[in-house]
Amino acid sequence: MKSEHDLDKVGSAGERGLKTDPLPLVSLHNVNLGYDSQAVLQSVNLAIYPGDLFGLAGPNGSGKTTLFRAILGLLPILGGSLSRNCSLSNFGYVPQSAALDPQFPLSVAEIVEMGAYGRVRSYQVFPKEEKQRAGEVLDQVGIRHLIKRSFFSLSGGQKQRVLIARALMVMPKIMILDEPLSGVDEESRRTIADVLIKLTREDGLAVFFSSHDLTMVQRVADRIVRVDKGKMWSEEGKTSVQR
Amino acid sequence: MSTFFEIVSPSYLLFPALLGTMIMGLVCPLIGSYLVLRRTVFLGLTLPQIAAAGVSFTFWLQQSGLVPQWEQSERAIGMLGSLLFTFFGMGLLGYLEQRGKGLAEARLAAAYALAGGLTILFIVFNPAGQIEVLNLLKGEVIALSQGELRLLAAVFGGVLLAMVAFHREFLLISFDRDLAFLLKGRQMIWDVLLYLLAGLIIAFGVILAGPLLIFGFLVLPALAAKPLANRMTSFLLLSSVLGVIMAVFGFYSSVRLDLPLGPTDVTLGCFLIFLAYGLSRISTRIGVTVLALLCAAATLSSCGAKTTVATVPEAKAIHDEQLWLAKVKNSTASTLLLPAINPLRSLAEMAGKVSSDYRQSVMDLLRDDLKIELEHRGFRVLLPEEKDARFVAFPTDTGAAVRVAREGKLSGLTFVGEIRRWEVEAQKFVRVLADFKLIRIDDGTVLWERHIQRAIPTPSATNVGQASTDAVREIVRELFAG
């Protein structure tokens, strides 16, 4: 099952039989990633197409977030080539909620509305239709009733769903989710998994999420890449097996 | 004077100062909120200190002749120094931050210590006298002129507009830099703009209000608003509202109790923080409501605290016309002699009323004006020293005054006054603490008394003598006109 650094197997169109797929939204070729010239991941090959539901599994500290940050342009790559066929504003990024500063007194509505900031000019009054859309994306993740609540007073699962709603507010082509299923209750986990599947199947979005729990990734993702000890390889996911 | 609504009335003499404080209280917390949320509160402490070093530096340069004397006012020159040092300091701190060496807190602490040290050293070097420079550094907002108020309104108004217009960008860059990068690209400009706006209000605020008050307005309202707000918009709004409350009630307390404005405001701000944390234990909505009610109650009680201030009664009203007007007692540490250039003295000399080596004092001025007004009230005013040259100033202690009068075989009424504090500050206002009494000598009854404790603005004064003269007129006007 294991095949290291294999672009054809990791996210290739051929495996899904989608020969007519457009260009990959993101592709990495022999990319080295790390900090201060110290490589964390080496020779990463990956291509993500619209409709892909990718799971990235690996233990803590294996470089999952590093890979995401490189894809999002937040971290320069140390070598190889990385190309994106959509602008960065088409990326919906869901960070780990613990990475956000609880010092900020923000309501759920304010967090979700941030996703539209790229479309709203400075000094412009926040448009009504964007407010309406904020309600809709919260509906999508099933927590519209929490719209007035303080974000940092929510449970882990609720926070995660709010951040997914914020990413959807961006109107993305690709969603990158950093550990969306970690530290959340079972109900939230199911809802999040359902939302991710629905986004890929019905809306044609590409979804790339990470988790340190391989079983969880296997239950949700169509295709899986694993990272550990600086290496990356692919495994088949749920749908491939079920197909 | 001194009811709440009188102080906030546009006709009040210190209204420009109150307005200036309110503007600072409104705008500073908006910037301060971001400093608090971004965990850079120390920057709000360090930058005003750097600005203060800039003020003392430019004064030192100018007074020591290293740069030519400028025609602009002292405050304008101080403002230039404040601006230059603030932006240089911000640039240097930003550069060190980019290099990422050491702890941010350590850099700010070192910068604060250095700026504090330099401020004192430049003051010590200054040959022009430390008191003047210290006064400017204290930033007496009470001496705010109309021109300075306009400048303050323009600068702070601009900052307010920018904060409102770009609030989304400031929030995004402060809360989630990654999302800001994805949506708006590498937008260092928003960080720069936020710190530029902070630098502007700090540089201008320090010279107009002093570093302590500016730091207080930046940080304390935001800290007080935090436990009561669960939305960013309500947090910013509440910070500003609390800043204005701090400004108004601090100003009111300062005037009523004759306390320095900066420390009074800061103390009030700290009280608001404790109050807010106490209220937050109830619930946010109830907390805000209780806070609003407390403010309203304080306003009403300060309005209700108006004591009917009686003016000096008419002679007919107390059925006694003979009044011994004692010399006003000077209980300050200073002689309160007016400068030799006092034009009133020249007039007196010309009239042959005083010798050329006689110098008039504040007490003389005050008694002269009191005499005129008392005569207008129908009193037949007599001077004790005309009866017996051994009479000196009477004490304001009733028993002692009556004893002195009886020993001197005086009868009827006596009017006594005592100056306990008389400080002319930068010729812009005079801090006064004085007591006056009208006593019936026969039975020791106090028919009228008045305690004056306040800063009297003297905006048109061009020298210390003129400021004292103007202040004396204002006191007498207050005693007789209410």
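The values are calculated or read from the model by the stated rules, or taken from the named source; none is laboratory data. Predicted model, so just to flag it, every value in this text is computed and none were measured. Every residue, glycine among them, receives a Cβ derived from its backbone with ideal geometry; neighbour counts consider all protein chains shown.
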| remark: Of those in the stretch B:218-240 that are within 26 Å of the chain's Cα centre (by Cα) and within 10 Å of another protein chain (Cβ to nearest Cβ), the residue surrounded by the most Cβ atoms within 10 Å (Cβ to Cβ) is B:ALA225
| note | Scanning the stretch B:394-408 residue by residue, the ones that are of a type outside the set (Gly, Ala, Ser) and in a helix (DSSP H, G or I) total 6
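Within the bounds of the stretch A:121-132, is there any residue that is part of a loop (DSSP other than H, G, I, E, B), on the phi > 0 side of the Ramachandran plot and modelled with pLDDT of 90 or more? Before the answer, list the steps.
Taking the stretch A:121-132 first, the residues part of a loop (DSSP other than H, G, I, E, B) are A:121-127.
Of the ones still in play, those that are also on the phi > 0 side of the Ramachandran plot are A:123.
Then drop every residue that is not modelled with pLDDT of 90 or more, which leaves none.
No, the stretch A:121-132 contains no residue that is part of a loop (DSSP other than H, G, I, E, B), on the phi > 0 side of the Ramachandran plot and modelled with pLDDT of 90 or more.
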| query | How many residues, within the stretch B:451-482, are of a type in the set (Lys, Arg), at pLDDT below 85 and more than 20 Å from the chain's Cα centre (by Cα)? | reply | 0
| Across the stretch B:44-69, what is the total count of residues that are surrounded by fewer than 23 Cβ atoms within 10 Å (Cβ to Cβ) and closer than 15 Å to B:ILE201 by Cβ? | 1
| remark: The residue that is nearest to the other protein chains (Cβ to nearest Cβ), considering only those in the stretch A:85-100 that are farther than 24 Å from A:GLY142 by Cα and outside any helix (DSSP H, G or I), is A:SER87
| Pairs under 7 Å by beta carbon, first residue within 14 Å of chain B (Cβ to nearest Cβ) in the stretch A:124-150, partner of a type in the set (Ser, Thr, Tyr) and surrounded by 14 or more Cβ atoms within 10 Å (Cβ to Cβ), six or more apart or different chains? | A:LYS148/A:SER107; A:ARG149/A:SER107; A:SER150/A:SER107
| remark: A:PHE104 fails exactly one of (1) more than 7 Å from chain B (Cβ to nearest Cβ); (2) closer than 20 Å to B:ARG231 by Cα, namely (1)
| note | Over the stretch A:67-84, the set of residues within 11 Å of chain B (Cβ to nearest Cβ) and among the charged types (D, E, K, R) is A:ARG69
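From A:ILE174, A:ILE164, grab the single residue that is more than 18 Å from A:ALA98 (Cα to Cα) and within 12 Å of the chain's Cα centre (by Cα).
The unique qualifying residue is A:ILE174.
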